[in-house]
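These notes are about the structure you will find just below.
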Amino acid sequence: MVDAASGGILTFTGGKAGAALGLIFIGPAGALILGLAIATTALLGTSNMRELIERGLHREWYQGVLADAARLDEALREPLERRVRLLRERSATIVGRTSHMDPDLRDWMDARASDEVIAAADTMLALDSGPRSVAEVVTLGLQATRVAPTDVAVIRACEALRNRIYSEPSLTLGVVNLTAQLGDGVAGWAAKPSIES
C-alpha cells in the first residue's frame with residue numbers, strides 16, 4: 001500500500017516536474033515529452049526511487065536502519081559460527097559411531113550431516129556482504145528469526161531494528177515537502193531578472 005501510494009505520488013510529481021523542466025528548457029513540446037517520460041520513469045522505478053528518496057529525505061533514519069542492521073548482522077555471526085562448529089563435531093561423531101551400520105544408511109547419515117554443515121556455512125557466507133538497502137535489511141531480519149530465534153543478542157538486535165523501521169518518517173510528507181521546496185526553488189529562479197534585461 002505504501003509503495004502504491006508512493007508510486008502514485010512519484011508519478012504525479014515526476015510528471016509535473018518533467019513538464020515544468022520540459023517547458024522551461026525545451027518549450028511546450030518538451031513539457032509533453034518530459035512530463036510523460038519522467039512520470040513513466042518514476043512509476044517503473046518506484047522501489048528504486050523510494051530507496052533514493054528515503055536516503056535523501058530521511059537520511060538520519062536510513063543510516064540508523066543500516067547501522068542497526070549491521071549490529072544484527074554482527075549478533076547473528078556468533079550463533080552461526082557456533083552452529084557450524086557444533087554441526088561439524090556432530091558430523092564427526094556420526095561417522096565414528098556408525099561404522100558398524102549398514103553402509104547405505106551410514107552414507108546417508110553422513111551426507112545429511114554434511115548438508116547441514118554446508119547450509120549453515122552458506123548462511124554465514126551470505127551475511128558477509130551485509131545489507132545495503134532497506135529490502136535487504138528486512139530479509140536479514142527474517143533470516144535472523146529463522147536462524148537464531150532464541151539467541152538473546154539476536155533478539156535484542158532484531159527488536160532495535162524493528163523499532164527503527166517502525167519509526168520511519170512519512171514518505172508522503174517528505175515527498176510533499178520536497179515538491180514544495182522544488183516549487184519554491186523554481187519560482188525563485190524564475191523571478192530572478194535575466195542578464196539580458
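The values are calculated or read from the model by the stated rules, or taken from the named source; none is laboratory data. Predicted, not measured: the structure shown is a model, and the values here were computed from it. Note: ideal-geometry Cβ built from the backbone for every residue, glycine included; neighbour counts use all protein chains shown.
Brief remarks follow.
- Considering only residues in segment 135-150 that are out of contact with any Lys or Arg (no Cβ under 9 Å at 6 or more places or on another chain) and closer than 17 Å to Arg83 by Cα, the one that is modelled with the highest pLDDT turns out to be Thr150.
- Any hit, segment 81-93, residues being more than 30 Å from Leu140 (Cβ to Cβ), among the aliphatic types (A, V, I, L, M), at pLDDT 65 or above and in a helix (DSSP H, G or I): yes
- Members of segment 107-120 found to be in contact (Cβ under 8 Å) with a residue 12 or more places away in the chain, surrounded by fewer than 17 Cβ atoms within 10 Å (Cβ to Cβ) and among the hydrophobic types (A, V, I, L, M, F, W, C), listed by number: Met109
- Residue that is surrounded by the fewest Cβ atoms within 10 Å (Cβ to Cβ), among those in segment 126-136 that are of a type in the set (A, V, I, L, M) and under 22 Å from Tyr62 (Cβ atoms): Ala135
- When we screen Thr123, Thr145, Thr139, Thr98 for residues that are surrounded by 13 or more Cβ atoms within 10 Å (Cβ to Cβ), hydroxyl-bearing (Ser, Thr, Tyr) and under 29 Å from Leu52 (Cβ atoms), the only hit is Thr139.
- Across segment 137-150, the number of residues qualifying as assigned to a helix (DSSP H, G or I) and without any contact (Cβ under 8 Å) to a residue 12 or more places away in the chain comes to 3.
- Taken over segment 80-114, residues that are more than 28 Å from Ala148 (Cβ to Cβ) and of a type in the set (D, E, K, R) amount to 4.
- Condition broken by Arg164, with the remaining ones in (1) crowded, with 16+ Cβ neighbours inside 10 Å; (2) in a helix (DSSP H, G or I); (3) modelled with pLDDT under 85 satisfied: (3)
- Selection status of Ala67, modelled with pLDDT under 80 and either assigned to a helix (DSSP H, G or I) or more than 30 Å from Lys16 (Cα to Cα) (or both): no
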